[in-house]
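One structure below.
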Amino acid sequence: MSSWGKIQRSGWIFPTVTLCINGFFTALRPLEPFITPYLTSEIKNLTLEEVTNQIFPVWTYSYLALLFPVFLLTDYLRYKPVIILQGISFITAWLILLLASGVPAMQAMESVYGLVAATEIAYYAYIYSVVSPDHYQRVTSYCRSISLIGYTAGSVIGQLLVSLGGVSYFYLNVIGLCSACIAFIASLFLPMPKRSMFFHKTLSREITETETIENKPPHPPITNEDQGSHGENVSPAELASAGKLSNQDPLQSTSHRHFFRVLLQLLMNLKDCYSTKQLIYWSLWWALATTGYNQILNYVQVLWEHVEPSQNSTIYNGGVEALATLLGAVTSFSVGYVKINWDLSGELALAIFTGLDAGALFLMCFIRNIWVCYASFLVFKSSYMLLITIATFQIAINLSEERYALIFGFNTFIALALQTIVTVIVVDSKGLGLDIVTQFLVYACYFAIIAGIFLLRSTYIIITTLCKRKKQQLTDDPPQNTKNKEPVEPGETHIGTKL
């Protein structure tokens, strides 16, 4: 085997660098901060109401419909084909945006963009299948950081070209298309993983074990009781069969029974993930807040366009998006250096900063000034990034890699389901079809309600904890005149004992 082949098969540097190249150019989208001005400009000649009530909602519906099937397909196909599919989808979306016009064409573009969003899970899950656990933390930080850098770079490039160069939005779209092509080409060079988290975990383990099975004494047959939850213990016959299939496509050797067994295991793991109240409440905040956050990201440009039309003045959407991303990265990074009792104060932090998000949205609604809107968006996005980072490590701290991906995927699915309901009722022209200012007033009230829920919850936690501590103090330091009293049972105070 050549040295190049060895690097591709066993090294972690090559797949990490290749994936980072793919992630950077996928995120490099100079047009995205200006997508609403582009659609409402003379190039596309759409109205703000058409963009808001007929075009943008399609992305939410498409994303929700595709998320779960793509989640299963990603693991079943072992990531790389889905990353390639994401590149093809991105190119298709940009071509439609570049060449087509009219509401139906833009709705088709949003449908394809929903597929792009759904396939993003393959990008973040791929690296865990080709590198050893020793490198997980490092490669995860690389892949996530490079995406933020790519998005920031795209926003800055777009802003500079529009403000200083007077470049048309059309050419920003061309740059985005070229960037998507580079990302697609990079995805073709990714090594094909031999395993995945769920469907191909067992098979890859079997194949590895067949390499040494010939020199080992035979093992007794396995009963159903002895077999592990993931099917890790297998009989010699099964190992021999796996050895014969080692040079075949694992997809062909995966039976329908195995497929449904994996689905059942996913459901059992999901049940275990939500076995504690703390995980349930953190996941509840995740789903509720992400619903509102996605709505704000989808429609904030519409509000900016309403407050300050791009035809009347120079807009700074790209600069604001870049600065918001950087502030979000800084606040997320700072969480690692905050030393507090998250079990006691974590939900209070959720309440405080979610309330801050609500206040920022109220400012956008009632103060019709573009700079106030920009500043409020910076506060909103930074606060959300801070809280989602806290929620992420609080949920993931006691979860394995498989359950980590599963619970985050399910939380995202719940958030999308809620977002679809909100979109149908508030945004879609077939629903209430509210104007953009009223929409943001609804979102502000929505975040205020979330803040109120977690303020009550955190107050209950703090009061309960203080009462338990006081009760424990009384138990550990009893009165001196206890000569004639019966011993106190653990967890009781002397107030409730008999004389």
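Return the carbon/sulfur percentage of the accessible area of region 281-436, one whole number, probe 1.4 Å, all protein chains in place. Walk me through the intermediate numbers first.
Working: 4290 of 6290 Å².
That share works out to 68 percent.
Here the accessible area of region 1-136 is 66 percent carbon and sulfur, with a 1.4 angstrom probe and all protein chains present.
You can think of it this way: the chain between residue 98 and residue 174 has 26.6 nm of extra reach, that is 0.36 nm per residue less the Cα-Cα gap.
Counting other Cβ atoms within 10 Å, which GluC sites (Glu not before Pro) in region 1-104 have at most 11 and lie in a DSSP loop?
In loop regions of region 1-104 (DSSP not H, G, I, E or B), the sparsely surrounded GluC sites (Glu not before Pro) are 42.
Between residue 278 and residue 43, what is 0.36 nm times their sequence separation minus the Cα-Cα distance? Round to one decimal in nm.
Numbers: separation 235, 0.36 × 235 = 84.60 nm, distance 5.06 nm.
Stretched fully, the residue 278-residue 43 segment lengthens by 79.5 nm.
Modelled label positions at residue 466 and residue 141, each set 7 Å beyond Cα in the direction of Cβ, lie 3.9 nm from each other. Between residue 192 and residue 160, the simple label model (points 7 Å from Cα in the Cβ direction) yields a spacing of 4.1 nm. Within the set 277/471; 44/430; 271/339; 271/381; 277/339; 271/430, which residue pairs have Cα atoms separated by over 25 Å? As for pairs spanning more than 25 Å Cα to Cα, those are 271/339; 271/381; 271/430. The separation of region 86-138 from region 31-67, counted between C-alpha centres, amounts to 17 Å.
The values are calculated or read from the model by the stated rules, or taken from the named source; none is laboratory data. Keep in mind that this is a model prediction, so the values were computed, not measured. No Cβ is skipped: glycine too gets one built from the backbone with ideal geometry, and neighbour counts run over all protein chains shown. Heavy atoms of the whole protein, side chains included, go into the accessibility calculation; ligands, DNA and RNA do not. Shrake-Rupley method; radii C 1.70, N 1.55, O 1.52, S 1.80 Å.
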